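Down below is the structure, laid out as structure tokens.
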Amino acid sequence: MDRLSVARVLWISMLIGVAVGLWTLLGQADSPPRVLPHHAQDAPRWRDVPRSKQGLIRYLAHQQGTPFDWRRLGEYHERDGEMDLAYSAYARAEQEYVKAVTAPPVSARDQDATHVAGLWYDIGILREKLDRPDEAREAFREAMELMEVFCSLRPSRVPLYNLACYAARAGEHEKAIEALERAIEAGWENYARAVADPDLAPIRDDPRVRAMLEKISPARPG
């Protein structure tokens, strides 16, 4: 084959490649959006919604909103002493959170497992606000169990600290203390958060916990 023929072949190949690329792009533009897993679609999103109470009320009158939106509305009502409205908003938030976790089992190998554990934690907080402590502990236990599996695969400081928080809320104090110790061993150094975190309140007075926190205290002599 002479040089001219080779050049023609290369030119034709290039044109075919460009045509295929354009066809692919056009096909993607016309295709429906990718369907996400159920839990990913329903999980709350930190969206740009009205920040004021009245703006949020108007927004939710026309939009379904996320669980976080309804929870924030409940906090506004609670702040203003409107407890009936607060409970109503918290109940709606709980329903939306439960929808978000009612999905096919999530693999603990997936980073999304920590997100779903966080949703169960939020459900627990809402159930506490709704004066349902037993159901709240069940939700915290769901969060704890999911995070336990995740931490067995990826034991790093933040998931371990969250595991300590979930376990403490669930009433599993020994597991919480063990998880906090592992978190500190893995590099957790945020003393200010640990001493003020309400999640750790059930175990903070334990002598073992006090000793752990003393190790990461910025006031500790070097």
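Among the numbered criteria (1) part of a helix (DSSP H, G or I); (2) within 30 Å of GLU82 (Cβ to Cβ); (3) without any contact (Cβ under 8 Å) to a residue 40 or more places away in the chain; (4) not basic (Lys, Arg), which one does LEU119 miss?
All conditions pass for LEU119, except number (3).
Condition test on ARG132, is it in contact with a Gly (Cβ under 6 Å, 6 or more places away or on another chain), farther than 15 Å from PRO67 by Cα and surrounded by fewer than 23 Cβ atoms within 10 Å (Cβ to Cβ)?
When the stated conditions are applied, ARG132 does not pass them.
Quick one: count up the residues across segment 132-160 that are part of a helix (DSSP H, G or I), over 23 Å from GLU189 (Cβ atoms) and among the basic types (Lys, Arg).
2
Would you tally the residues in segment 162-177 being surrounded by fewer than 23 Cβ atoms within 10 Å (Cβ to Cβ) and within 15 Å of LEU213 (Cβ to Cβ)?
Matching residues across segment 162-177 total 1.
Output the qualifying pairs, or none if there are none: Cβ atoms under 9 angstrom, residues six or more apart or on different chains, first residue in segment 125-144 and modelled with pLDDT under 95, second residue buried (at least 20 other Cβ atoms within 10 Å of the Cβ) and of a type in the set (Lys, Arg).
none
Every residue in segment 100-124 that is over 14 Å from the mean Cα position of the chain (by Cα) and either modelled with pLDDT of 90 or more or not small (Gly, Ala, Ser) (or both), please. Give the steps one after another, and end with the answer.
Step one: of segment 100-124, the residues over 14 Å from the mean Cα position of the chain (by Cα) are 102-105, 107, 109.
If the condition is that a residue be over 14 Å from the mean Cα position of the chain (by Cα) and either modelled with pLDDT of 90 or more or not small (Gly, Ala, Ser) (or both), then THR102, PRO104, PRO105, ARG109 are the ones that fit.
From TYR59, TYR97, grab the single residue that is assigned to a helix (DSSP H, G or I) and in contact (Cβ under 8 Å) with a residue 24 or more places away in the chain.
Residue meeting the stated conditions: TYR97.
Pull up segment 180-214, narrow it to residues that are surrounded by 11 or more Cβ atoms within 10 Å (Cβ to Cβ) and farther than 14 Å from TYR161 by Cα, then point me to the one that is nearest to the chain's Cα centre (by Cα).
Looking at residues that are surrounded by 11 or more Cβ atoms within 10 Å (Cβ to Cβ) and farther than 14 Å from TYR161 by Cα, I get PRO202.
Failed condition for GLY171, given (1) over 20 Å from LEU146 (Cβ atoms); (2) not in a helix (DSSP H, G or I), with all others met?
The one condition GLY171 does not meet is (1).
The values are calculated or read from the model by the stated rules, or taken from the named source; none is laboratory data. Computed from a predicted model, the values in this text were never measured in an experiment. Backbone-built Cβ (ideal geometry, glycine too); neighbour counts: all protein chains shown.
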